[in-house]
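Can you keep this structure in mind? I'll have questions shortly.
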Amino acid sequence: GYTPFGGGIAARTLFDVYLRPWREFARAGGRGVMAAHNMVDWVPMHANRPLLHDALRVRFGLGEGGYIGSDNTNVEGLADYFHGFAANTSDAAAMALAAGIDQDMPGGAFLSGLLPLVASGRVPMAHVDRAYGNVL
């Protein structure tokens, strides 16, 4: 169910129960997923690199070229309804991109926040190139 809140969960339960269908999806050649609204161990999914990148892309095999989209306004939500997990929308965009989100839907945080961060060097262009390539 939908909840923007989330507490701790044992790693075994997380991987063997909740993430098992996603592991099988990626291993079967699935190429696109949408991150959830929830948090795991109090980290919003849209900023959760250990789950989006390390588990889904690397461990489960979604790989580069696999697409991870945001759920509606959840990137902006890192600075809003997730109680200030990010300092502002630009910070939220940088966190989501670094975590492995490829497309911000409907796009507000990436559109308004990433260009100045890339220009300043805070966000590596390689992260933008990865996301762009995965979306295409």
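Where a number appears in this text, it was derived from the coordinates with a stated rule and is not lab data. Here the structure is a predicted model, which is why all the values come from computation and not from measurement. Here the Cβ positions follow ideal geometry from the backbone for every residue, glycine too, while neighbour counts run over all protein chains shown.
Given C-alpha coordinates of the stretch 13-59, what is the ratio Rg to Rh with the Kirkwood estimate of Rh? Write down the numbers at each step before the final one.
On the way: Rg = 10.4 Å, Rh = 11.1 Å.
So for the stretch 13-59, dividing Rg by the Kirkwood Rh gives 0.93.
For percent of Cα pairs over 26 Å apart, one of [x] 19; [y] 38; [z] 15 was computed from the structure I shared and the rest are decoys. Which label?
Working out percent of Cα pairs over 26 Å apart from the coordinates points to [x].
About the Cα centre of the stretch 15-136, what is the dipole size in debye to 20, counting +1 per Lys and Arg Cβ and -1 per Asp and Glu Cβ, all else neutral?
Numbers: 9 positive and 12 negative charges, 77 e Å.
In total the dipole reaches around 360 debye.
Another one. At 0.36 nm per residue, minus the direct Cα-Cα distance, what do ASP54 and GLU24 gain on full extension? Give it in nm, one decimal, please.
Values: separation 30, 0.36 × 30 = 10.80 nm, distance 1.56 nm.
Result for the pair: 9.2 nm of gain on full extension.
Using 0.36 nm times the number of residues separating ARG12 and SER120, minus their current alpha carbon distance, what extension gain do you get?
Numbers: separation 108, 0.36 × 108 = 38.88 nm, distance 4.04 nm.
Gain on extension, ARG12 to SER120, equals 34.8 nm.
In addition: Report the net charge of residues surrounding PRO50, where surrounding means a beta-carbon distance below 14 angstrom and charges are Lys +1, Arg +1, Asp -1, Glu -1.
On the way: positive: ARG49, ARG57, ARG59; negative: ASP41, ASP54.
Charge balance in the 14 Å sphere: +1.
According to a simple spin-label model (label point 7 Å from Cα along Cα-to-Cβ), what is the distance in nm between TYR132 and SER112?
The two pseudo-label positions are separated by 2.3 nm.
Residues with beta-carbon under 13 Å from that of ASN72, excluding ASN72: net charge, scoring Lys, Arg +1 and Asp, Glu -1?
-4
If R₀ is 25 angstrom, what is the calculated FRET efficiency for the pair VAL43 and MET105, using the beta carbon separation as r and rounding to 0.05?
Details: r = 20 Å, r/R0 = 0.80.
Efficiency at R0 = 25 Å is approximately 0.80.
In degrees from 0 to 90, rounded to the nearest 10, what is the angle of the helix 108-120 Cα long axis to the longest principal axis of the chain?
Helix 108-120 and the main axis of the chain meet at about 60 degrees.
Still on this model: Which of GLY84, GLY65, ASN48 sits closest to the plus end of the dipole of the stretch 30-133, meaning its Cα is farthest towards the positive end, when Lys and Arg get +1 and Asp and Glu get -1 on the C-beta?
GLY65
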